[in-house]
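Heads up: the structure comes next, in structure tokens.
We did not get these values from a lab; they are worked out from the coordinates using the rules stated. In this text, all values refer to a predicted model and were calculated from it rather than measured experimentally. Here Cβ is always computed from backbone atoms with ideal geometry, including for glycine, and neighbour counts include all displayed protein chains.
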Amino acid sequence: MSHTDCSFYIHCPQLLFESEGRVRVEKHEDHCVFIIEGAEKEDEGVYRVIVKNPVGEDKADITVKVIDVPDPPEAPKISNIGEDYCTVQWQPPTYDGGQPVLGYILERKKKKSYRWMRLNFDLLKELTYEAKRMIEGVVYEMRIYAVNSIGMSRPSPASQPFMPIAPPSEPTHFTVEDVSDTTVALKWRPPERIGAGGLDGYIVEYCKDGYKASVWKINKLLQYKNPVLAAAEWTPALPGLTERTSALIKDLVTGDKLYFRVKAINLAGESGAAIIKEPITVQEIMQRPKIWLPRHLRQTLVKKVGETINIMIPFQGKPRPKIIWMKDGQTLDSKDVGIRNSNTDTILFIRKAELHHSGGYEVTLQIENMTDTVAITIQIIDKPGPPQNIKLADVWGFNVALEWTPPQDDGNAQILGYTVQKADKKTMEWYTVYDHYRRTNCVVSDLIMGNEYFFRVFSENLCGLSETAATTKNPAYIQKTGTTYKPPSYKEHDFSEPPKFTHPLVNRSVIAGYNTTLSCAVRGIPK
């Protein structure tokens, strides 16, 4: 035997044989050599050597077998792709190199990388392998080597690129929201785990209770994934996928008992199913009418003229109740306001509020002989009119007293106060003296002597100041006072006084030979 690319020698007795080329015979004195250079697979076979002499001949057969590394296997197949794992399958190489294949070596790389990573250090004996510890959402490729006693084959072509992704987990909080004679409303929340594959939508299915004795049987069908039973018993409730987390199943048969399930779908396939554990009977349930009046509507609703009114009042009741709106004891005119009703609420809509929309409203729900009523008070307010009968009550010194009466139109709201302003006749620039003043009279002080003043008063409510003011017709003149000086008159005073010693003479002692002075003080008028 010989390895490929090595010379192969066969020794035999002296022959009269000549040949040239890759396969030839070399003659020597006592032997000849049969040479095959660069043995190839085609050189395999049985070779016969015939020896002749005058006495006779002899022959021998030699079997030549050429062995090599195996051919590379075909590209591996990827299946059962999960969140961080997949199953790799491959076929043995077409040619095993003349020696049994001892095993296989598997390599993996990211698609955008050039670095292949070996996945096994011991040879793989089987034709499948579960590759693990991959990153979800990353694209990978696989390739395989075949190994025999001679060596390792060239790598196989890379597998088709694949991405480890897993189906999402099952939807959560799957519940029945409402049931009628022909419909069932379902709602649920998204799966806790969605993964790199994202979420394409949800599929909702139902089946009749008659096909299953219990939820246990449903779970067994899911566990064994019996496609025949699943296709026969579970009916799609919606056409295709839905992206919403709620569904209204319509056109059901009244009285049927149904199981419902919902599954999340993404690129990796379907999630587990969230199932309603008990069968749902398709039948309207009688429910007493009840109005849930919002807290802010329990007090008077105050709106300004021109504002939009949108009142939504939720309620419950089955079957759908009859809704009646009343205003001040009269049926509400639908031409003046808009009313929209649904299965769960009623809405009163006024695009631009007017004063005549004020009043007491009543909403009544009626189901057969059962009713529920609530009352709502709406107050539409506007700016008030100006005060009336303003006049100058008095003018003295630097002060002016004003009086007026409340406005005739209060704007459908309480008057909160008045704003009093003054203006010098020369400039007619208005300055506020009082604001939010609650009385209907006031005194304006600190006016300038010699000037003339006009005064005006605005009324005020929740909407603000009145558009116009009540203004005094005539100005108030602050007169100048006189400045003539009149000296006071005094009685002539008698200042005469008899003489009187204010400091008398005092006794003195004098030393002989010295001078001395005697002094005293005296007062008297005239002198």
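Observations
- Difference of contour (0.36 nm per residue) and Cα-Cα distance, Trp292 to Cys463: 58.5 nm
- In terms of the mean number of neighbouring beta-carbon atoms within 10 Å, the peptides 352-364, 144-156, 71-83 order highest first as 144-156, 71-83, 352-364.
- Cβ-Cβ FRET estimate between Asp58 and Val33, R0 fixed at 22 Å, reported to 0.05: 0.75
- Highest-first arrangement of 398-411, 317-330, where packing means the average Cβ count within 10 Å: 398-411, 317-330
- If R0 is 60 Å, the Cβ-Cβ spacing of Val51 and Glu136 corresponds to a FRET efficiency of close to 0.25.
- About its Cα centre, the chain has a charge dipole of approximately 3600 debye under the convention of +1 per Lys or Arg Cβ and -1 per Asp or Glu Cβ, with nothing else charged.
- Residue (of Gly269, Ile347, Met286) at the positive-pole extreme of the chain, dipole from beta-carbon charges: Ile347
- Shape call, the chain: gyration tensor on alpha carbons, a/c limit 1.5: oblate
- Cβ-Cβ distance of Arg438 and Lys303, R₀ of 25 Å, FRET efficiency by 1/(1 + (r/R0)^6): the value works out to about 0.50.
- Note on Ile511 and Asp181: the extension gain reaches 103.6 nm, defined as 0.36 nm multiplied by sequence separation minus the Cα-Cα distance.
- Computed label-point distance, nm, for sites Gln408 and Glu492 using a 7 Å Cα→Cβ extension: 7.7
- With respect to the chain, whose longest principal axis is taken over its alpha-carbon atoms, helix 215-224 is tilted by about 50°.
- The simple spin-label model puts a point 7 Å past each Cα toward its Cβ; for Thr481 and Lys250 those points are separated by 9.1 nm.
- Dipole magnitude of region 413-456, debye to nearest 20 (Cβ charges: Lys/Arg +1, Asp/Glu -1, about Cα centre): 160
- Model label points for Leu127 and Met326, set 7 angstrom from Cα along the Cα-to-Cβ axis, are 8.6 nm apart.
- With the highest mean first, a sort of the peptides 467-473, 487-493 on other beta-carbon atoms found within 10 angstrom per residue produces 467-473, 487-493.
- 14 Å beta-carbon shell around Ile165, net charge (K/R +1, D/E -1): -4
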